[in-house]
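Participant: Below you will find the structure I want to go over with you.
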Amino acid sequence: MLSSTNLQRFLSLTTLLSLVTPSVRATNSFIYAACFPSRYPPNTPFQTNLDSLLTSLANSASDSAYNSFASGNSSSSPQGSAAYGLYQCRNDLSTGECSSCVRSAVGQVGLVCPDAYAAALQLDGCLVRYSNEDFLGRLETSVAYKKCGREVSGGDGGEFFRRRDDVLDELVSGEGSRVSSSGTVQGYAQCVGDLSPADCATCLAQAVEQLRNTCGASLAADVFLGKCYARFWASGYYPQAAAAADYTDDDIGRTVAIIVGILAGVALLVVFLSFLKRAC
Ligand SMILES: *[C@@H]1O[C@H](CO)[C@@H](O)[C@H](O)[C@H]1NC(C)=O
């Protein structure tokens, strides 16, 4: 059996690997999930429509980086049973990577948000979202997830902030998805494919404003709004052991605690069962 130290080593290693190669290989790593609180009853027309919608999303991802579907919204379907959904992959992914990301997200969304009428799951490489209400094509700029990284320290802050502002300006000024870099700062921004160019520009302007206002002193930051996101990071930020240590303490520590707890539970059960066997 895997000992807990080996397990911890293994988990730290996989986290380190995903941090060292944030752009391509970490495509399936979790960023956030949002679950609508009310739940649909089982075996209803909505569930059938949702299942068929999710299948369409998973199948379509090998053809394009974005697509949306509606299921059961014709006038002949029972009222209120329609499901609407979309997926959006990061534009630098190959179709194979996009497809794998969307399949992974579709597979997880039902576990993370069981029976929810609406849910969104954002992985590093893709977003999958569905709802019982038609949200397609609508601009949404409320904050879904935000993370400010470690703050700039030491004397070269001025140069860093200049570069970062160049990157942020560039992220706002393009259209759709864009990568930007200036010196040692890199950035990426993307709209969900259902937005018009004008709504995309509005969305990105707000995401970038949030980055500037709430993570202004950070070396790396992410802001995900309902229909777009923007991120920047200082080159070398992610591979640094110090940054990885933040994750190790929090997320990995918690994961290991849960797994160790489960292993301890199993061990107790085995002891209990063998005790029973001997007693009988
Ligand atoms: C179903 O919803 C889609 C997405 O909003 C829309 O384009 C389509 O016209 C709708 N179909 C009907 C019959 O309402």
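Participant: Hey, could you check region 1-35 for residues that are assigned to a loop (DSSP other than H, G, I, E, B) and buried (at least 17 other Cβ atoms within 10 Å of the Cβ) and say which is modelled with the lowest pLDDT? Talk me through it step by step, then tell me what you get.
Facilitator: So in region 1-35, the residues assigned to a loop (DSSP other than H, G, I, E, B) come out as 1-3, 21-29.
Pick out the ones that are also buried (at least 17 other Cβ atoms within 10 Å of the Cβ) and you get 22, 26-28.
Details: 22: 44, 26: 72, 27: 85, 28: 90.
Out of the qualifying residues, it is 22.
Participant: Would you mind listing the strands (runs of 3 or more DSSP E) fully within region 42-131 where at least 2 residues are under 20 Å from residue 225 (Cα atoms) and away from the ligand (no atom under 16 Å from the Cβ)?
Facilitator: On the way: elements: 66-71, 83-89, 119-123, 126-131.
In region 42-131, 119-123, 126-131 are the strands (runs of 3 or more DSSP E) which contain 2 or more residues that are under 20 Å from residue 225 (Cα atoms) and away from the ligand (no atom under 16 Å from the Cβ).
Residue by residue, here is whether (1) buried (at least 19 other Cβ atoms within 10 Å of the Cβ); (2) under 20 Å from residue 126 (Cα atoms) holds:
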{"residue": "160", "(1), (2)": "no, no"}
{"residue": "171", "(1), (2)": "yes, yes"}
{"residue": "179", "(1), (2)": "no, yes"}
{"residue": "192", "(1), (2)": "yes, yes"}
{"residue": "202", "(1), (2)": "no, no"}
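Participant: Could I ask something else about it? Could you tell me whether any residue of region 149-165 is outside the structural domain of residue 40 (by TED's automatic domain parsing), in contact (Cβ under 8 Å) with a residue 40 or more places away in the chain and within 22 Å of the chain's Cα centre (by Cα)?
Facilitator: Yes, the conditions are met somewhere in region 149-165.
Participant: Yes or no: region 50-67 includes at least one residue that is among the charged types (D, E, K, R), surrounded by fewer than 18 Cβ atoms within 10 Å (Cβ to Cβ) and without any contact (Cβ under 8 Å) to a residue 12 or more places away in the chain. Break it down into steps so the answer makes sense when it comes.
Facilitator: Of all residues in region 50-67, those among the charged types (D, E, K, R) come to 51, 63.
Restricting the remaining residues to those that are surrounded by fewer than 18 Cβ atoms within 10 Å (Cβ to Cβ) gives 51, 63.
Imposing the further condition that a residue be without any contact (Cβ under 8 Å) to a residue 12 or more places away in the chain reduces the set to 51.
For region 50-67, residues among the charged types (D, E, K, R), surrounded by fewer than 18 Cβ atoms within 10 Å (Cβ to Cβ) and without any contact (Cβ under 8 Å) to a residue 12 or more places away in the chain: present.
The values are calculated or read from the model by the stated rules, or taken from the named source; none is laboratory data. Since the structure is predicted, the reported quantities are computational estimates derived from the model, not experimental observations. Counting neighbours? That spans all protein chains shown, and the Cβs are built from the backbone with ideal geometry, glycine included.
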